[in-house]
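A short reminder: the numbers here are calculations on the coordinates, not readings from a lab. Quantities reported herein were computed from a predicted structural model and do not represent experimental measurements. Positions of Cβ are generated from backbone atoms using ideal geometry, with glycine treated the same way; all protein chains shown enter the neighbour counts.
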Amino acid sequence: MENWGGFLMKFSKKKISSMFAVTLLVTSAFGFSFADSETVNITILQTSDMHGRIYSHDYATDSSDSDAGLVKIQTLIKQERAANENTILIDTGDTVQDNSAELFNDQPVHPMIQAMNEMDYDVWTIGNHEFNFEKSFLEKNIETFEGTVLSANTYKEGTDERWLDAYEIFEFEGVRVAVVGMLPPNIPLWEASAPSHFEGLEFTGTLEETGKVVAELEGKYDVLVGAYHLGPEGDHGFEGVEAIAEAYPQFDVIFMGHSHSKYTNEVNGVKLIEPGKYGWALGTADIEVVKNGDVYEVASVEVENLESKPVDADEEMLETFKYVHDQSVADANTIVGKITSDFIATPDYITGEDDITTMPTAQLEDTAVIDLINDVQMFYTKADVSSAALFNLGSNLKEGDFKKKDVAFIYKYPNTLVGVNITGENLKKYMEWSASYYNTYEEGDLTVSFNPDIRGYNYDMFSGLTYDVDVTEEAGNRIENIKFNGQALEMNKVYKLAVNNYRFGTLMGLELVTVDDKYYDSYDLMQDAGRIRDLIIKYTVEEKGGILNPEVDNNWEITGDDFNKIMQEKVFGLVREGKLTIPTSEDGRTSNVEALNMNELIKEGLLSMNTYTVRSGDMLWKIAKTYGMKWEDLANLNEMADPNLLVPGQEIIVPAQ
Ligand SMILES: [Zn+2]
């Protein structure tokens, strides 16, 4: 111990239990402690991107979410604290926003801050979503949080003075643990339409600021910990945590956030961990520090995401925050309008049921659900064309009250709306990109199926123009007869297209548009109220007088080979009886990944067959017609070399009637 004075001073201001301080003082003063082999174990615990999840409940859909919530995280924290009292508890931001958290913004202490205080959080690194509201709201949250709030790369505008602390140093049995916090510096871009949210502040680059802090901390720590609201990769020109670890191996571990990844890794000897979002897991790092002479050295760092799914919620937390849950559920059930009749009559294409077990109707034909989303998007962006995907295969609006939560059923994600200029040529490319979702028709197919490598949310359906999707063609060459106001799409003309913010990113990635082509951004204009979900409600209330009628214009259809209707009905019957299932992708994420093929079903013995004896004067097409088949299929089925050559007495295989 080189500096007792410094030690005592630190004891008085850092968070160390007094019992610890006394033990350490006594043993050290008598000089019989700190043998060479002495080790200190420190556990660091982290949450990130909680986005307003106290209870394990998603209020947009009013459904419980067993992978979420501080109430479950608290159970894990109590376990970890019982196992090791040398703990630091950190939250890395995007905390007081989303999941109806804004209902409580006027409360003196926001429930999310109240929860963090109850749970005894030591550090809170603010995230970008903390800036979604007026700056005074964030200031109140910072003031009322009882731990240390960090943000190394946030400065008072035009000065070298930081707005918040860059780091905090904790001590455990003499081991000094420095925790550095940082956020993605793009706040001015993301909050461009509301500069008052970050008034008087400026933000510096993550890599350069890390270098600065590491230099400032030199000689002050034994363990260096990052608490970054930043994912593995950067974007918009700033570096992510992997690049930071590459440049600064001084870190022992960096806790991450922002990208919502379920992630552990090691880069350049630095352990990295991100615990997903909403409380999917408690991020943990078990750090073993060994004393070598006068220095403490980190012997090992083990990182692990402890998932919240298997644990029960903490009873005390449930009790304390019941008022938040009750008020949020009530809000989700607020009636915003009336639905005059079901938007999709037969959500499952084969069974007609609400539950999708075979194929979703809404990815095989135009529906009132997709048309409503596209109508809303075109209304606010004043676009010519709009695209929307079916995020939830069972999406529907059912006759009756239209409640706030119902909109999340047809629009699962909190996306915002973008209007973008695009040439006819690039619009067609985008439509082709989307239509690659379908598998190419093969001889004998009775159904249209989906490419298992493409997620369903990447299949966009378009409004504002008419078109066909010919699935007998290969991907990239399927969109036909595109007409805008009855006229052929002009390749060189610029059209206004409405998409969600994610698809705007996709289109930039595909180099079909640039950032300069964006002419409308609902987030810039309305922030959280500019979410497509909220716009659907706004449109219903303000433009439709609260009355939603299912309207579908059938502006597109799947074309190509005529499916054998008789055989198709036979096979659908087998599916309904449970004798045949529609295959799902191995990972379970894409339904209907393989077409039901007549020829294969016959070969597998799933379609019962008879033999037919050819009589004189028979022709193959006539026989085929009797069985609801095409002559080509019948010829294939019987492996006929020459379909024109039928010999009386010859036996051929036909479907059993
Ligand atoms: Zn987040």
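For the chain, the residue among Gln74, Phe104, Val541 whose Cα projects farthest onto the positive side of the dipole built from Cβ charges is Val541. In the range 338-486, taking the dipole from charged Cβ atoms about the Cα centre, the farthest positive-side position among Tyr430, Asn481, Thr358 is held by Tyr430. Across the range 333-343, rounded Karplus estimates of 3J(HN,Hα) from the backbone phi angles (6.51 cos²θ - 1.76 cosθ + 1.60, θ = phi - 60°) give 9, 4, 7, 10, x, 10, 10, 6, 7, 4, 6 Hz, Gly and Pro being marked x.
Normalised by residue count, the range 484-601 yields a Cα convex hull volume of 252 Å³ per residue. Distances between placed amide hydrogens fall under 5 Å for Phe391 paired with Lys412, all partners being 5 or more residues away or on another chain. Computed from backbone phi, the HN-Hα couplings of the range 308-317 come to 8, 3, x, 9, 7, 6, 6, 4, 4, 5 Hz, rounded to whole numbers (Karplus: 6.51 cos²θ - 1.76 cosθ + 1.60, θ = phi - 60°; Gly and Pro given as x).
Here the spin labels are modelled as points 7 Å beyond Cα on the Cα-Cβ line, and at Arg81 and Ala299 they lie 2.7 nm apart.
Computed over the range 34-328, the Cα gyration tensor eigenvalues convert (square root of 5λ each) into semi-axes of 29, 24, 16 Å, ordered from largest to smallest. Note on Glu266 and Asn105: the extension gain reaches 54.1 nm, defined as 0.36 nm multiplied by sequence separation minus the Cα-Cα distance. The overall shape of the range 405-515 is oblate: from the C-alpha gyration tensor, with semi-axes ordered a ≥ b ≥ c, the ratio a/c is 1.5 or greater and a/b is no larger than b/c. Applying the Karplus relation 6.51 cos²θ - 1.76 cosθ + 1.60 with θ = phi - 60° to the range 116-124 yields 3J(HN,Hα) values of 5, 5, 4, 8, 6, 5, 8, 9, 10 Hz, where x marks Gly and Pro. Leaving out same-chain residues fewer than 8 places away, which lysines sit with a Cα under 26 Å from that of Lys630? Within the straight-line limit of under 26 Å, Lys630 reaches these lysines: Lys565, Lys570, Lys579, Lys603, Lys622. Relative to the longest principal axis of the Cα atoms of the chain, the long axis of helix 18-30 lies at roughly 50 degrees. Partner lysines whose Cα lies under 25 Å from the Cα of Lys429, excluding those fewer than 8 positions away in the same chain, are identified as Lys382, Lys483, Lys493, Lys496, Lys518.
Projecting the Cα atoms of Tyr411, Ile244, Thr626 onto the charge dipole of the chain (Cβ charges, centred on the Cα centre) puts Thr626 farthest toward the positive pole. Distant-in-sequence amide contacts of Glu297, defined by a placed amide H-H separation under 5 Å and a gap of 5 or more residues or a different chain, comprise Val290, Lys291, Asn292. Dividing the summed -39500 (n - 2.57) terms of all DSSP H runs of n ≥ 4 by the residue count of the chain sets its mean residue ellipticity at 222 nm at -8000 deg cm²/dmol. Normalised by residue number, the volume inside the convex hull of the Cα atoms of the range 120-277 is 117 Å³ per residue.
Loop-located trypsin sites (Lys or Arg not before Pro) in the range 579-611 (DSSP state other than H, G, I, E, B) with a sparse environment of at most 14 neighbouring Cβ atoms within 10 Å: Lys579, Arg589. Protection proxy ranking for 636-644, 329-337, 57-65, using the average of other Cβ atoms within 10 Å per residue and placing the highest first: 57-65, 329-337, 636-644. Based on the alpha-carbon gyration tensor of the range 334-560 and its eigenvalue square roots a ≥ b ≥ c, which shape applies: rounded if a/c is under 1.5, prolate if not and a/b is larger than b/c, or oblate? Oblate, since a/c reaches 1.5 and b/c is not below a/b.
Dipole magnitude of the range 334-560 about its Cα centre, charges +1 at Lys/Arg Cβ and -1 at Asp/Glu Cβ only, in debye to the nearest 20?
Computed charge dipole of the range 334-560: roughly 1020 debye.
Estimated from the Cβ-Cβ distance and a Förster radius of 30 angstrom, the FRET efficiency linking Glu543 and Ile335 is about 0.95. Helix 135-144 axis versus longest C-alpha principal axis of the chain: approximately 50°, rounded to the nearest ten. For GluC sites (Glu not before Pro), the sites in the range 476-532 that DSSP calls loop and that have at most 16 other Cβ atoms within 10 Å are Glu490, Glu511.
So if the hydrodynamic radius of the range 534-657 is defined as the Kirkwood radius over C-alpha pairs, what does Stokes-Einstein give as its diffusion coefficient at 20 °C and 1.002 mPa s, in µm² per second? Rounded to a whole number, D works out at 117 µm²/s.
Its alpha carbons give the range 361-462 an Rg and a Dmax of 15.1, 46 Å. Dipole magnitude for the range 153-243: about 80 debye, using +1 per Lys or Arg Cβ and -1 per Asp or Glu Cβ, origin at the Cα centre.
Straight distance only, please: which aspartates and glutamates reach the Cα of Lys262 with their own Cα at less than 15 Å, same-chain residues fewer than 8 apart left out? The qualifying aspartates and glutamates are Asp49, Asp67, Glu233, Glu242, Glu274, Glu304, Glu307. Residues whose amide H falls under 5 Å from that of Ile558, counting only those 5 or more places apart or on a different chain, are Val469, with hydrogens built in the peptide plane. The spacing between the range 440-464 and the range 551-608, judged by their C-alpha centroids, is 12 Å.
At 4 °C and a viscosity of 1.567 mPa s, what translational diffusion coefficient does Stokes-Einstein give for the chain, taking Rh as the Kirkwood radius over Cα pairs? Give it in µm²/s as a whole number. It comes out at roughly 45 µm²/s. Pairs spanning more than 18 Å between alpha-carbon atoms, out of Lys140/Lys277; Lys135/Lys412; Lys78/Lys309; Lys78/Lys291; Lys277/Lys403; Lys322/Lys403: Lys140/Lys277; Lys135/Lys412; Lys78/Lys291; Lys277/Lys403; Lys322/Lys403. Placing +1 on each Lys and Arg Cβ and -1 on each Asp and Glu Cβ, with no other charges, gives the chain a dipole about its Cα centre of roughly 1060 debye.
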